[in-house]
Each structure stands twice: as structure tokens, then as C-alpha cells.
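Every read-out reported here was derived from the displayed coordinates using simple, explicitly stated rules and does not represent laboratory data. Because the structure is predicted, anything quoted here is derived from the model rather than measured. Here the Cβ positions follow ideal geometry from the backbone for every residue, glycine too, while neighbour counts run over all protein chains shown.
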Amino acid sequence: MLATVKSINKRASGQAFEVILKPLSPVSDAAHSLPSPPKRDISLDDIQKKLEAAEERRRSQEAQVLRALAEKREHERDVLMKAMEENSNFSKMAEEKLQLKMDQIKENRDAHLAAMIERLHEKVRKIRQCSEFCSLKCCAES
């Protein structure tokens, strides 16, 4: 069936149309049909070639997926190795800093002990001097 559309009038809210349906005529039917492309016979060789091409595409896609997975695993391994290396470096640096700090503390403690011993020796010398002085003074009085 053919349809013709006539505009009735324009309104503020839109536009109204009148649709008139007509039965198809034999002349108009031929004008609207498109010729289908000629069918060709598909041979067994053509089917085999298409199957082989599809199999090759499947293999190629599978190989591509495997390559992508291998690259992803390689990247994960690299990231893990880098993290382990950074952790190791951090541990070494922390250990070195701690060792330096402990060495500094030991040096400070040794210096402090040496100063205390020196003061003690100084006091002993003063006591000896005083006792010598007192003994000389006592001897001189008697």
C-alpha cells in the first residue's frame, strides 16, 4: 500500500497531518523492488578456505592474547623486583644510619667517661697535694 501525507494546518502546539492510504498498483510494485544480487555457488574449496581463514584468525587472536598476558606477567615481575630492591635498599640505609648513630653514642659515652676519669684524677691529685701540704704543715708545727 502507498501512503500520501497532506499537511492540514499549523497550530501553536505543533502541526497536524492527514495520511491517505492507497492500494499498491502493479506498476509501483516493480519500481520499489530491488533486484537481489546473483547467487553464486559455493564450492567445497571456498568453504574450506573460509574455515582455514577463520582458524588462522582464531590462532592469531589467541597468540595476541597470550603475548599480552606474558607482557603483563613480565611487568608484574618487574614491579615486584623493583619493590623488593627498594625495600632492600631502605633496610640497608636504615641499618647504616642506626650503626652510625650507635657509633656516635659510643664515642660520646667514651668521651664522657674519659672526662669523668680525668676529673676524678684531678680531684685525687688535689687531695694528695692537700694531704702533703697538711702533713708538711703539721711537721713544721711540731
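Which of the lysines could a cross-linker bridge to Lys49, judged by Cα under 28 Å and excluding same-chain residues fewer than eight apart? Qualifying lysines at Cα under 28 Å: Lys39.
Fully extending the segment from Arg77 to Gln48 would add 6.1 nm, taking 0.36 nm per residue of separation and subtracting the current Cα-Cα distance. Straightening the chain between Glu86 and Arg67 buys 4.0 nm, computed as 0.36 nm per residue apart minus the Cα-Cα spacing. Extension gain for the segment Ala94 to Ile117, taken as residue separation times 0.36 nm less the Cα-Cα distance, is 4.8 nm to one decimal. Put a plus charge on the Cβ of each Lys and Arg, a minus charge on the Cβ of each Asp and Glu, and nothing anywhere else: the dipole of the range 35-96 about its Cα centre is then about 500 debye.
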